[in-house]
1. Treating only the Cβ of Lys, Arg, Asp and Glu as charged (+1, +1, -1, -1), what charge dipole size does the protein assembly as shown show about its Cα centre? Round to the nearest 20 debye.
2. Taking a 23 Å limit on the Cα-Cα distance, which of the listed pairs A:Lys451/B:Lys211; B:Lys103/B:Lys292; A:Lys97/A:Lys228; A:Lys77/B:Lys437; B:Lys167/B:Lys227 fall beyond it?
3. Using a label point 7 Å beyond Cα on the Cα-Cβ vector, give me the inter-copy distances for A:Ser440 in nanometres, one decimal, shortest first.
4. In peptide B:243-256, how many Cβ atoms from other protein chains are near each Cβ within 10 Å, on average?
5. For a distance above 48 Å, tell me the whole-number percent of Cα pairs in the protein assembly as shown that qualify.
6. Restricted to Cα positions, what overall size does the stretch A:179-291 have along the principal axes? Three whole-Å values, descending.
7. Determine how many Å³ per residue the convex hull of the Cα atoms of the stretch A:376-444 encloses.
8. Distance between Cα centroids, the stretch A:296-368 to the stretch B:350-426: provide it in whole Å.
Number of protein chains: 2
Amino acid sequence: MLRTEWIARRHGHANVSQMYYARQGLITEEVAYVAHRENLEPELVRSEVARGRLIIPANTNHPNLEPMGIGIATRCKVNANIGASPNASNLGEEVAKLELAVKYGADTVMDLSTGGGDLDAIRSAIIQASPVPIGTVPMYQALEAVHGNVEKLTPEHILDVIEKHAKQGVDYMTIHAGILIEHLPLTQGRLTGIVSRGGGILARWMLAHHKQNPLYTHFDEIINIFKKYDVSFSLGDSLRPGCQHDASDAAQFAELKTLGELTRRAWTHDVQVMVEGPGHVPMHQIEMNVRKQMQECSEAPFYVLGPLVTDIAPGYDHITSAIGAALAGWYGTAMLCYVTPKEHLGLPNAEDVRTGLIAYKIAAHAADIARGRPGARDRDDELSRARYNFDWNRQFELSLDPERAREYHDETLPADIYKSAEFCSMCGPKFCPMQTKIDSQALSELEAALKPQPVAAQE
Amino acid sequence: MLRTEWIARRHGHANVSQMYYARQGLITEEVAYVAHRENLEPELVRSEVARGRLIIPANTNHPNLEPMGIGIATRCKVNANIGASPNASNLGEEVAKLELAVKYGADTVMDLSTGGGDLDAIRSAIIQASPVPIGTVPMYQALEAVHGNVEKLTPEHILDVIEKHAKQGVDYMTIHAGILIEHLPLTQGRLTGIVSRGGGILARWMLAHHKQNPLYTHFDEIINIFKKYDVSFSLGDSLRPGCQHDASDAAQFAELKTLGELTRRAWTHDVQVMVEGPGHVPMHQIEMNVRKQMQECSEAPFYVLGPLVTDIAPGYDHITSAIGAALAGWYGTAMLCYVTPKEHLGLPNAEDVRTGLIAYKIAAHAADIARGRPGARDRDDELSRARYNFDWNRQFELSLDPERAREYHDETLPADIYKSAEFCSMCGPKFCPMQTKIDSQALSELEAALKPQPVAAQE
């Protein structure tokens, strides 16, 4: 497998994180791989990893991983969530969803299984099948261990699950360590309270015991696990807003401050970190949210869920959130967690995964163009040329979803002959504006004709 | 009909435009109607109409119209295009499409028919059936009059069609008067040349005759027609970019400058104007485009088509363009012309019209929230409350597309009992984060417990 030998050479090191090696000045194979993929200098990638502004989630027990860089220096990334839920899905289905997500361009995949079979076996199968980094949220399985009885959770339950996931090869984990007991009263004015699943569990635990968040009090132990396997933190935002009304409030930003402290604490141990973000945020607050995260978290990569820019369109939240995601990416967010059309309504099916992913590939790509990344627009230009030249097949090939583009075109004009026709059914044969090809000869003649006549020289 | 008496009282006036009356200081019934709809002071609406920053397209031969305000002071509007094409659609279908568009919230509808039956009869039926303003592009029918032979077009052909549409009750018309012969050489470096259908026709005409654009040279005659019926100009942007590469180029902005001149010329005759805009524009150029239009066109309402923020997603251009449209609306664009998933691929069907419209209602609504329009977020808040309280039916009701939201929810949990269940199939019964309801009693106790103990007074 791709990384087998790379990893073997690190055997016995107390810390095997990419950040550790980068800070030693070493260009690991993973760094070189990412540099090649992103068309960046390896030294730039190394220095960004050392600085904490770029992560390469790459568990040493995930040897078939094709390393992926997540940071402001690299292309904007997209994550897809999959996972079995208590009465739906199984191992085979989850691996199929993984393959579907990778096919449509997911840069990382999170397995959010909460039931529906042997969670460990499903996770293991997903990791073995996945060329992209796999993330998990260990709180879910920890809760399963106490049969859903939140109060019975102990730090040991959680740490056990974290260590198990790390051993299995999970590349990054959502750790909800930033929600503190003193933040809870700040949620009182909210319309939708706490909308993070993991965060909600911890809030109930803290309220029941009047004790601090165990992930916060045991953060150093998690760091110690993570550096053994090079698991990256994805610091969870338990207090992210669940609606426009709750966006950018005191609860959200109090937690963000704590996430910044935890980021720096992990960095002192050379452990990689990204920071999760909202959620539901109106457009005019997105730039401020991104800048604030950079400031509070010392520019650790930001990984946002949308955000949705309105709450009134259930059934279309891949769109409400792709708008926010495109903006977030443009302002410098490193990774966008997709949202499917089923968000708030039900478990997504294969078609929803496809639709959600394409919406997010659009957002990430538009962000790359807007940030002026070198070469970001090349594919757009190539597709536009094919469009102008009525090369329909080439146009489909260059599309984010070639099958869908072809299907829509063929709905009205299926015959092969129309693949070189100078029109489609939208405007018909006589009105296609792309037919307005003005040849340069005609334009040169026109320019000559338009030139002002020379004025007779004065005597 | 709603406007029958209002219009009767204006009989015999040489100019019946809303702008004319507004400049006389009169608050017309249309102005009052718009003020009521928009929750604005009638005097504000009147002064904005007089100033040219708000238009109320309201042909005196469209008495069943429910007047609609389009401008920066009012809510962001959405237009849907319908229309028969040469080998698809007929009168009944077009009226059905109109009704569908209105059902899903179109604020205006453009009939872009280019064939497929008796164009005059279709247009007439649409106007009679429509409570929203109807727009047309007279160039298409003018070209039909000369059997598609561009060179044979004369100014008279075009003026005849314009007058016919005006008499029929068309509320606004796209008039491609801004593309000048001297602009044509500026398109030479483009990837996709001219992508406006009307603009392409005029470009070919100008090249064939080496003469100036007849809509430009006969602009005053069009003004004279428009003021008799109160038709509003929708000044067409023939040189809008057709891809990211061509955005914001010299050709586009040369035409925009001319559109500004024409705007002010129409205003000297008290004729209402809005100005059409792109098209395909990367995110980072959208604000500049909106500001530039305001500057060049003295703040006449801007009416943009998208813009698409990437070219690589045919089949999903309702999404690529809703991102741009949301941004444009936020920056102050008055109306957004929808784009359907079939854009660039084929004629949209009913489902495409629905999807395109909802994508644009999302963009316009998100823009209203971001602009901070009073009350813009009320519906979001109400839906969020219903969501938090697991009132599924209320949540569906408040959605932009209630049927779609219900359908998606019911796909996995159709039974009636689940309409009050405290979960959906996404997270299942045990993991729904909305269940994390922390009661205020518990929070008060926590706050008391967290309070620092009073320090004993010093002796």
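1. Numbers: 88 positive and 116 negative charges, 203 e Å.
Roughly 980 debye, rounded to the nearest 20.
2. Working: A:Lys451/B:Lys211 14 Å; B:Lys103/B:Lys292 34 Å; A:Lys97/A:Lys228 30 Å; A:Lys77/B:Lys437 33 Å; B:Lys167/B:Lys227 12 Å.
Over 23 Å Cα-Cα: B:Lys103/B:Lys292; A:Lys97/A:Lys228; A:Lys77/B:Lys437.
3. In ascending order, 7.4 nm.
4. Values: counts 8, 8, 5, 2, 0, 0, 0, 0, 0, 0, 0, 0, 0, 0.
That average works out to 2.
5. Values: 118125 of 420903 pairs.
Result: 28 percent of Cα pairs exceed 48 Å.
6. Cα spread of the stretch A:179-291 along its principal axes, largest to smallest: 41, 36, 19 Å.
7. Details: hull volume 6.9 nm³, N = 69.
In the stretch A:376-444, the Cα hull volume divided by residue count equals 101 Å³.
8. One Cα centre to the other: 17 Å.
The values are calculated or read from the model by the stated rules, or taken from the named source; none is laboratory data. Not measured: the values here are computed from a predicted model. Glycine gets a Cβ as well: all are built from the backbone with ideal geometry, and neighbour counts include every protein chain shown. Accessible surface areas use protein heavy atoms only, side chains included; no ligands, DNA or RNA. Shrake-Rupley method; radii C 1.70, N 1.55, O 1.52, S 1.80 Å.
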